[in-house]
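Participant: Attaching a single structure in structure tokens format; questions to follow.
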Amino acid sequence: MDSRQPSPAVGPAQPRDLATHFMECGALNTNLTLAPGERMVITDDFLGGQVADLTAISMAAIVARDGMVAKAAILPLGLAASRLKASERVKYERLFALIEETAFDSGARESAEALIHAKFRDNQIKDLAAELGGTVGPARQRYKAFLDVVKLLAERKISEALFLDEFMDFTRTVAGKLDFGIYSMCLDRLFASERIPLLVKASLLREICKYPPLIRKELITNLLAAPKADEELVRYAREEAANVLTREQLTEIFLFTTLKRAWAAQKERLRPV
């Protein structure tokens, strides 16, 4: 899902070598983060210039598991190439050929191929930007509408069953169109909110266990690694996962939860006193 205000604030300073960090995220089969243990990258980070290092942007285009993020990373690279004379674009042509051949996301590969064939013309870059905006924009509007439903549930103005129906419709509507970082943050806040009934959270967990492996792993480990997670909810999450997942899937979730906790502990040690 493959981005509240649309973009959350960036936390601590980014790692000195963000490109290496993105590569490690890809190798771990996880979505990109702006810093170990921090929030996930969304399209705005590339389109709005929050990530300005072209090496890191290039790595994001190749290894991002979130299709929206991978395609967003293509755009600043295309703009940089378009500003050069044809004779000076050799390095970018090689880079885009590499993205076309090796990017994890098929949409990023197709976008790279289109820009190569268009010789990085401005109109092609604008078309790609419009395509991305036309996908992400409506998904974010749907997300904002869902937040109103969350508020109604917290105020006990709608039933839990109606809320769950709305959640599943929201998920189906934005699948592959909303930045996964925003969707993930939404679920994290639902699980952390004291105003959301525990039975609703348990029902959400049962739905998450049916999700594709990468998304399921991200969302469940976010809950298990959360320092202030409700103990009863965490216990239920472990039981539910044990009932429906394979031994290998459970092992991966255990290892990834351990890694997220280590990231959080490292962040805490580095926090100024």
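The values are calculated or read from the model by the stated rules, or taken from the named source; none is laboratory data. Every value quoted in this text rests on a predicted model; they were computed, and no experiment measured them. Every residue, glycine among them, receives a Cβ derived from its backbone with ideal geometry; neighbour counts consider all protein chains shown. For the accessible areas, the whole protein counts, side chains as well, though only heavy atoms, and no ligand, DNA or RNA atoms are used. Shrake-Rupley method; radii C 1.70, N 1.55, O 1.52, S 1.80 Å.
Participant: How many residues does segment 42-56 contain that are of a type in the set (Val, Ile, Thr) and part of a loop (DSSP other than H, G, I, E, B)?
Facilitator: 2
Participant: Give me a count of the residues in segment 176-192 that are over 23 Å from Arg235 (Cβ atoms) and aromatic (Phe, Trp, Tyr).
Facilitator: 2
Participant: Kindly check whether there is at least one residue in segment 173-180 that is closer than 23 Å to Leu152 by Cα, open to solvent by less than 40 Å² (accessible area, probe 1.4 Å) and not assigned by the TED database to the domain that holds Ala72.
Facilitator: Checked against the condition, which is being closer than 23 Å to Leu152 by Cα, open to solvent by less than 40 Å² (accessible area, probe 1.4 Å) and not assigned by the TED database to the domain that holds Ala72, segment 173-180 yields at least one hit.
Participant: A follow-up question, please. What number goes with the only condition from (1) under 24 Å from Thr33 (Cα atoms); (2) open to solvent by 60 Å² or more (accessible area, probe 1.4 Å) that Tyr183 does not pass?
Facilitator: Among (1) under 24 Å from Thr33 (Cα atoms); (2) open to solvent by 60 Å² or more (accessible area, probe 1.4 Å), Tyr183 violates only (2).
Participant: Take the residues in segment 123-142 that are of a type in the set (S, T, N, Q) and farther than 21 Å from Leu178 by Cβ; name whichever of them is most open to solvent (accessible area, probe 1.4 Å).
Facilitator: Among those residues, the one meeting the criterion is Asn123.
Conditions (1) modelled with pLDDT of 95 or more; (2) in the same structural domain as Leu178 (by the TED database); (3) among the β-branched types (Val, Ile, Thr), marked per residue:
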residue: Cys25; (1), (2), (3): no, no, no
residue: Asn31; (1), (2), (3): no, no, no
residue: Arg39; (1), (2), (3): no, no, no
residue: Ala52; (1), (2), (3): no, no, no
residue: Met59; (1), (2), (3): yes, no, no
residue: Ile62; (1), (2), (3): yes, no, yes
residue: Ala73; (1), (2), (3): yes, no, no
residue: Leu77; (1), (2), (3): yes, no, no
residue: Val90; (1), (2), (3): no, no, yes
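Participant: Need the failing condition index for Phe120 against (1) farther than 29 Å from Thr33 by Cβ; (2) surrounded by fewer than 20 Cβ atoms within 10 Å (Cβ to Cβ), just the number.
Facilitator: Looking at each condition in turn, Phe120 falls short on (2).
Participant: Which of the residues that make up segment 143-165 are open to solvent by less than 50 Å² (accessible area, probe 1.4 Å) and over 17 Å from the mean Cα position of the chain (by Cα)?
Facilitator: Selection gives Ala145, Phe146, Val149, Val150, Leu153, Ala154, Ile158, Phe163, Leu164.
Participant: Right, here's the next one. Tally time: how many residues in segment 36-74 are farther than 22 Å from Ala175 by Cβ and open to solvent by 10 Å² or more (accessible area, probe 1.4 Å)?
Facilitator: Residues that pass the stated criteria total 13.
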